1. Using 1/(1 + (r/R0)^6) with R0 = 22 angstrom and r between the beta carbons of Val71 and Gln139, what's the FRET efficiency to the nearest 0.05?
2. Could you tell me which Cys residues in the chain have no other cysteine's Cβ under 4.7 Å from their own Cβ, answering none if every one has a partner?
3. Measure nothing but the geometry: give the 0 to 90° angle between the long axis through the Cα atoms of 2-17 and the longest principal axis through the Cα atoms of the chain, rounded to 10°.
4. With a point put 7 Å past each Cα toward its Cβ, work out how far Asp97 is from Val58 in nm, to one decimal.
5. Taking R0 as 35 Å, what's the FRET efficiency between Lys122 and Asp159 from their Cβ-Cβ distance, rounded to 0.05?
6. Starting from 0.36 nm per residue, how many nanometres of slack lie between Leu132 and Thr114 once their C-alpha separation is accounted for?
7. Using +1 at the Cβ of each Lys and Arg and -1 at the Cβ of each Asp and Glu in the chain, identify which of Ile34, Ser85, Ile103 lies farthest towards the dipole's positive end.
8. Run the reach check for Lys147 against lysines, Cα to Cα strictly under 18 Å, same-chain hits fewer than 8 apart removed. What comes back?
Amino acid sequence: MEIIHNGLAMFSPYIGRLNLPSMLFLAFLLLLFICIFILGIMLRKNGRLGTIIILVAVLIPLASPFLLELVSKKIFYPISIEVASKKLQYTPTYFIDANITNIGKLQTKSCILTTTLQVPPKNIKERLQGLLKPLIKNQKLIDTPLKSGESIHIQHTIDNIEQESLNAIIEIDCY
């Protein structure tokens, strides 16, 4: 029982982000899967066409998390971001100043600010190592809901940064 509880706890941050539009989109993908799968079974006697259609149907559930993320970012919760960031000169701190504007039609519940700091790569091997294991990866949850057209100003610092030159990848996702 504890194993099941731990397994469900691993997915709880993602399940908490699901809302009505996301669930409706997943239900649409499920119906699409069922319809295409039944069509593939009916055409299976026809030869390879039925097998190809069944394979396409099997790809729909596999692609559903990626499709949900894409639809959430582009259709349900599009945001406009203005970000300025720099390493402060006299303290070992990295400073992030961001302005997030909800340009979608739906209200967001929260946003996640993800900052990945990497040492500038000198060759391809260092670039790959920086992508797989960055120097610092910091996440901040912003629990402020944003209505359509509203903006929020965020200032965030990451302490104990000793490196002088850093590449920063800053991502903001709202749900």
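Only the coordinates and a few stated rules stand behind these numbers; no lab work does. All figures in this text were calculated on a predicted structure; none of them were measured in a lab. In this analysis, Cβ positions are derived from the backbone assuming ideal geometry, glycine residues included, and neighbour counts consider all displayed protein chains.
1. 0.45
2. Cysteines lacking a close Cβ partner in the chain: Cys35.
3. Taking the Cα atoms of the chain, the angle to 2-17 is about 80 degrees.
4. Inter-label distance under the simple model: 5.4 nm.
5. Efficiency for this residue pair is about 0.85.
6. Net length gain for the segment: 4.9 nm.
7. The Cα lying farthest towards the positive end belongs to Ile34.
8. Here the lysines satisfying the reach criterion relative to Lys147 are Lys73, Lys74, Lys105, Lys109.
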